[in-house]
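One structure is given here, and the rest of the page talks about it.
The values are calculated or read from the model by the stated rules, or taken from the named source; none is laboratory data. None of the values given here were measured: they were computed from a predicted structure. Glycine also receives a Cβ, built like all others from the backbone with ideal geometry; neighbour counts cover every protein chain displayed.
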Amino acid sequence: MFNSCRRPLAAMLLTIAIPAFAADKTKTKSATEDTSPSYDQPQPATENLDLTMYQRIREEGLAHSKIMEYGSALADDIGPRLTGSPNMAKANAWTRDQLTAMGCVNAHLEDWGDFGMGWQQLNTWVRMTSPDTAVFIAQATPWSPSTNGAVSGEAINVNIQDDKDFDQYKGKLAGKIVLLGEMRDVPPVDKALFERYSDKELEEIAEYPVNDRGAADLQTRLRAYMQRYKMVDKIAQFLSDEKAAAVIRPSRDAKNGGGSGGTIFDDNGAALGRQPYLADHKVKVPVVVMAIESYGRVFRLLQAHVPVTLEMDVETKFTGDHEHGFDTVAEIPGTDPKLKDEVVMVGGHLDSWIAGTGATDNGAGSIVAMEVMRILNSLGVKPRRTIRIALWSGEEQGLYGSRGYVKQHFGYAAPLTTPDQSALPEFMRKTGPLEVKPEQKLVSGYFNVDNGSGKIRGIYLQENAAISPIFAQWTAPLKDLGVTTISMQNTGGTDHLSFDAVGIPGFQFIQDPLDYESRTHHSNQDVFERLQPADLKQIATVEAIFVYNAAMRDLMLPREPLPHPELRDQKNAPLPNLFPGAVPPTDEKK
């Protein structure tokens, strides 16, 4: 997930009413009588649910799960999967082969285009050699260059907030190891790092506050975002020009004080530059992120005018300037002569950051999607519509994999190329009107998991009100599994947005937070041990039922009106796909 904890941008949830499950006796017009797409036709008041299949899916998903085997193979054997890296290529190949082995057809990799530099971390260490010896917790930031062997140098603290601050450091940094930034507060961990939603919290999520604060607040945040990253680019060039030996950045804080105790967060927010994966934005000075307690010790010594000598070795490897990104795609073919060309999609992003092994972000969503396909294949399901899995890369840098796939297959709103717009990151640029392709009308919906390994408590509707009574009926038999809440809110931060942006219903599930926000998101603690087996079994079971229902119902899922992104600025509406790979410039985690 490319943003912090994916809190909703607006809240609008409905409490589920438990309906009866009698088959709907009222027939809507058939496809032969109504030539409009089935998602535009009147939806039945009562869903025709196959409760026997509910039970079969539950039995297979809860009692015969393979999900932790997938989890270990992905996190332990392959490891971190930075987009464009050799490990990402291994993960693409492994998932393709696993999907073939479980019975999926047409398993293949789809090239979404030139990403940038391939990179991997081979080894990183940092230690203090005077006034005392100490070994520190640190890792290279993504796309950092190597030190080309161990380097030793005097530590110096540099704090640059605006242009006037550069002058005081000119001529003073050559050969120095730079601590970049002030020491932050390290609050005590006085709340649990691991938590589940309470009934009260779910009730609060069920409220829909109507206000217009978000748009104005967003514009302020966007300005702060651009100012911050323009300054970071200036700092990066300055440190290179001044011939600093290396840079150390302090690890950021997390919810409930989780950014301490040896946990480090290592993503684009720690890297020294806005797009360090592009050759023309390549970082020229080795950069590491260090545990806040380690950073604090050196910082305090320097504040007390005690000379500190550090030694460090950053060993990294670049594998090419123009590595392409790939998505893993496979299918269970549809069998209904009239519906088999229609598609229900399930997925998650396969790429990760590099400090841990990408187990919860988003190995969890990837292995859940694979387990959904395994469950349905194991049961010999013959869906009416085609069921397609897609595992994305490039999500952490801005939804590149899913956006590329959607652009190639379903539609695209091209960003404007005027000089003022070309100077902005693509996700902030104005666009022309949305142009949709014929395949766009064939996708019933896309289901995504990317909030860690906490069990599903409900689903976000992206303000698609017509689908609320449908999902209410789907989830009622799952109440004993903890699935109780339907949310009308827009939730952001991950790949369902790529589908929503072109008018295809895209859904992200409500999940128990566990320690995702506090400890594992983009951190060195994002490892296999943070996966919760019982929760993952529940997630796969619930998602398999959603996918099955969507593939079997007579009509496609209802849609909202087609988006008009070219009118976005006139309406002052929030922009999608914010803050790729970094924490937004606000105290909120979103």
- Message: Given the condition over 18 Å from LEU557 (Cβ atoms), surrounded by fewer than 24 Cβ atoms within 10 Å (Cβ to Cβ) and in contact with a Ser or Thr (Cβ under 6 Å, 6 or more places away or on another chain), answer yes or no: does some residue in the stretch 326-338 qualify?
- Response: yes
- Task: Could you tell me whether the stretch 206-226 includes any residue that is under 27 Å from GLN532 (Cβ atoms), at pLDDT below 90 and within 28 Å of the chain's Cα centre (by Cα)?
- Result: yes
- Query: For residues in the stretch 388-430 being assigned to a helix (DSSP H, G or I) and aliphatic (A, V, I, L, M), which is surrounded by the most Cβ atoms within 10 Å (Cβ to Cβ)?
  - Reply: VAL406
- Query: Checking VAL346 against (1) among the aliphatic types (A, V, I, L, M); (2) crowded, with 23+ Cβ neighbours inside 10 Å; (3) out of contact with any Asp or Glu (no Cβ under 6 Å at 6 or more places or on another chain); (4) not assigned by TED's automatic domain parsing to the domain that holds ALA91, which test does it fail?
  - Reply: (4)
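Wholly within the stretch 456-540, which strands (runs of 3 or more DSSP E) include no fewer than the required count, namely at least 2 residues that are over 30 Å from ILE354 (Cα atoms)?
In the stretch 456-540, the matching strands (runs of 3 or more DSSP E) lie at 485-487.
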- Note on the structure: Taking the stretch 113-132 and keeping only residues that are under 30 Å from HIS409 (Cβ atoms) and crowded, with 22+ Cβ neighbours inside 10 Å, one is left with PHE115, GLY116, GLY118, TRP119
- Message: Give me the helices (runs of 4 or more DSSP H) completely within the stretch 26-144, filtered to those with at least 3 residues that are touching a Ser or Thr at 6+ places or on another chain (Cβ under 6 Å), ordered by residue number.
- Response: 51-63, 86-101
- Task: Would you check if THR417 is β-branched (Val, Ile, Thr) and farther than 18 Å from PHE546 by Cβ?
- Result: yes
- Task: Taking only the stretch 431-455 into account, find how many residues are within 30 Å of ARG221 (Cα to Cα) and outside any strand (DSSP E or B).
- Result: 7
- Task: Output the residue which, of all residues in the stretch 226-253 that are out of contact with any helix residue (DSSP H, G or I) (no Cβ under 8 Å at 6 or more places or on another chain), within 19 Å of MET428 (Cβ to Cβ) and of a type outside the set (D, E, K, R), is surrounded by the fewest Cβ atoms within 10 Å (Cβ to Cβ).
- Result: GLN227
- Message: Just the residues that are surrounded by fewer than 24 Cβ atoms within 10 Å (Cβ to Cβ) and on the phi > 0 side of the Ramachandran plot, please, taken from the stretch 456-507.
- Response: GLN462, GLU463, GLY482, GLY503
- Note on the structure: Scanning the stretch 156-172 for residues that are closer than 25 Å to PRO131 by Cβ, out of contact with any Lys or Arg (no Cβ under 7 Å at 6 or more places or on another chain) and among the hydrophobic types (A, V, I, L, M, F, W, C) gives VAL158
- Item | Residue list for the stretch 541-559, restricted to those being surrounded by fewer than 24 Cβ atoms within 10 Å (Cβ to Cβ) and charged (D, E, K, R) | ARG553, ASP554, ARG559
- Message: When you check GLY380 against the structure, is it under 17 Å from GLY103 (Cβ atoms) and either modelled with pLDDT of 95 or more or among the hydrophobic types (A, V, I, L, M, F, W, C) (or both), yes or no?
- Response: yes
